[in-house]
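Student: Take a look at the following structure, please.
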Amino acid sequence: MAPAREPMDDRSDRLAVFDAMYAAHAAGLHDYLLGRTSDAEVARDLLQEVCIRLWRGVAELRDLTPERRRAWLFTVARNLVVDFYRSRASAATAHDALSQRVLRTREQVAPAAEADVIGRNELEVLDAAIARLPEALRTVLVLQVLGDRTSAEIGELLGRPAGTVRYQLAQARRRLAEELRLMSGEEQEVSP
Amino acid sequence: MSNQPDDAVRLPPEVESQLNERLAVWARARRLGSADLEAIRGLVLARVADPLPSEFAAQLASSELVSSELDPRSAFDAEWLWSLLRPVTALM
């Protein structure tokens with residue numbers, strides 16, 4: 001007869017389960033949160049919140065299958081994103097705030113090596129262009145670009161068919177190319 | 001040419017190449033590295049190790065700074081107040 005499972009009141013047991021799940025899912029959760037919010041700072045903050053909830057729920061999670069654990073984590077992440085948007089006046093306000101932050105950052109850039117300036121501006125241009133994508137397209141694009149994930153893997157995370165993800169990725173890339181003015185042969189100017 | 005439904009959204013090869021290069025730059029800046037992941041893990045573990053609010057409340061309740069006894073003279077006492085004012089009124 002198998003012994004009953006010991007209650008998890010030992011911190012080292014909790015830490016072992018937490019670390020295993022953190023190692024498996026933290027990067028994917030971050031990429032998902034960045035895709036949904038298009039804000040690197042917010043994505044890190046929300047990742048922390050997901051992981052705090054993970055710590056609190058680790059005793060129940062340890063007995064779930066890996067798929068159920070992943071589903072639980074991404075459900076928590078999705079709910080936190082909903083809360084994040086509710087705390088803003090509207091998604092348009094969040095987008096405007098990001099645009100304003102990009103503009104303010106550009107104005108505050110101190111004189112620096114030309115290569116550094118161009119590098120920072122390129123990042124700002126890409127941040128802004130990716131932020132302007134529709135959220136559904138942006139999320140699949142970020143998950144693919146940051147994690148080299150296949151359409152099937154992204155589909156599992158988001159609960160969508162792989163074929164839908166492939167189409168959304170193609171749409172995202174085309175719209176991004178248009179945002180960056182690559183389609184007309186004129187690259188978007190990167191102004192200091 | 002294939003008749004796949006996503007033909008309309010396929011990019012010319014040169015555009016694909018340029019886009020891939022720029023996305024690679026963005027990914028290098030935005031991807032969480034091992035140091036970032038370790039830092040976030042540390043922040044999370046520090047936050048969950050904080051004392052519970054109930055523990056703090058128990059410590060506060062036992063503090064000598066909290067007194068449940070009131071100064072008996074703090075309640076309004078007309079006789080007491082008059083005893084303070086009597087010398088003053090005598091000088092008026």
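Student: Do any helices (runs of 4 or more DSSP H) lying entirely in segment A:49-164 carry at least 3 residues that are at pLDDT 95 or above and in contact with an Asp or Glu (Cβ under 6 Å, 6 or more places away or on another chain), and which ones are they?
Tutor: A:135-147
Student: Regarding A:D45, is this residue modelled with pLDDT of 95 or more, charged (D, E, K, R) and in a helix (DSSP H, G or I)?
Tutor: Yes, satisfied.
The values are calculated or read from the model by the stated rules, or taken from the named source; none is laboratory data. As the structure is a prediction and not an experimental result, all values here were calculated from the model. Note: ideal-geometry Cβ built from the backbone for every residue, glycine included; neighbour counts use all protein chains shown.
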